[in-house]
1. If you take all C-alpha pairs in the chain, what percent of them are over 25 Å apart?
2. Cα-Cα over 28 Å: which of Lys53/Lys116; Lys116/Lys153; Lys53/Lys157; Lys116/Lys147; Lys53/Lys153; Lys2/Lys153?
3. Once label points are set 7 Å from the Cα along Cα→Cβ at both Glu38 and Lys147, what is their separation, rounded to one decimal in nm?
4. For segment 136-141, just list the computed ³J(HN,Hα) in residue order, Karplus coefficients 6.51, -1.76 and 1.60, θ = phi - 60°, integers in Hz, with x standing in for Gly and Pro.
5. What list of ³J(HN,Hα) couplings, whole Hz, do you get for segment 115-123 from phi and the Karplus terms 6.51, -1.76, 1.60, once you set θ to phi - 60° and write x for glycine and proline?
6. With a/c under 1.5 counting as rounded, go ahead and sort segment 25-97 into rounded, prolate or oblate using the C-alpha gyration tensor (a ≥ b ≥ c being the square roots of the eigenvalues; past the cut-off, prolate if a/b is larger than b/c, else oblate).
7. Rank by packing, highest mean first: peptides 15-21, 87-93, 100-106, with packing defined as the count of other Cβ atoms within 10 Å averaged across residues.
Amino acid sequence: MKILTLGNELLRERAATVADVDESIRRLADDMIVTMHEDDGVGLAAPQVGVLKRLFVCHVRGDVPRVFVNPEIIGTSQEQVRYEEGCLSIPGVYADVLRPESIQVQAIDENGKAFKLAAEGMLARVIQHEMDHLKGVLFIDHLEERKRRRLLKLYEKRWRG
């Protein structure tokens, strides 16, 4: 699968609810996991591969690959932490982002089964990052304006210049 990069309008669109977890959704999730692994990522949202559906996959070290269909964050911790993030759709750009340390999320898995998950640390961060993609939000949108502009100039110079 081809991962869309910064500048593609689809990355700024809101993803639509998945009506039914069927074979096409399972195949999409499987293909996304393969693509994520091939590109050394820890998460990948459907909009990043040009599919405007509320679905993402993730696989953080020490955990199993996970599929989230129609996810919703239902709780967050008061404690927030900064951690360096990157994105397969903005290759070569990294910045510290402040996010809640832990979250509770509910979603549907690749078999159509609803689940709830309490996540902390890296898994919580990846889930929040991927949830942003479903709303058309990129991690650079969480940065203060001056830093975002500086990183975008570096990105443009590296990839487009």
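Please treat every number below as a calculation from the coordinates, not as lab data. From a predicted model like this one, the values you see are computed outputs, not experimental measurements. Don't worry about glycine lacking a Cβ; one is built from the backbone with ideal geometry, like all the others, and counts go over all protein chains shown.
1. 26 percent
2. Lys116/Lys153; Lys53/Lys157; Lys116/Lys147; Lys53/Lys153
3. The modelled label-to-label distance comes out at 3.3 nm.
4. In residue order, the calculated couplings are x, 10, 10, 4, 5, 5 Hz.
5. 8, 10, 9, 9, 10, 9, x, 4, 4
6. oblate
7. Ranking, from highest mean packing down: 87-93, 100-106, 15-21.
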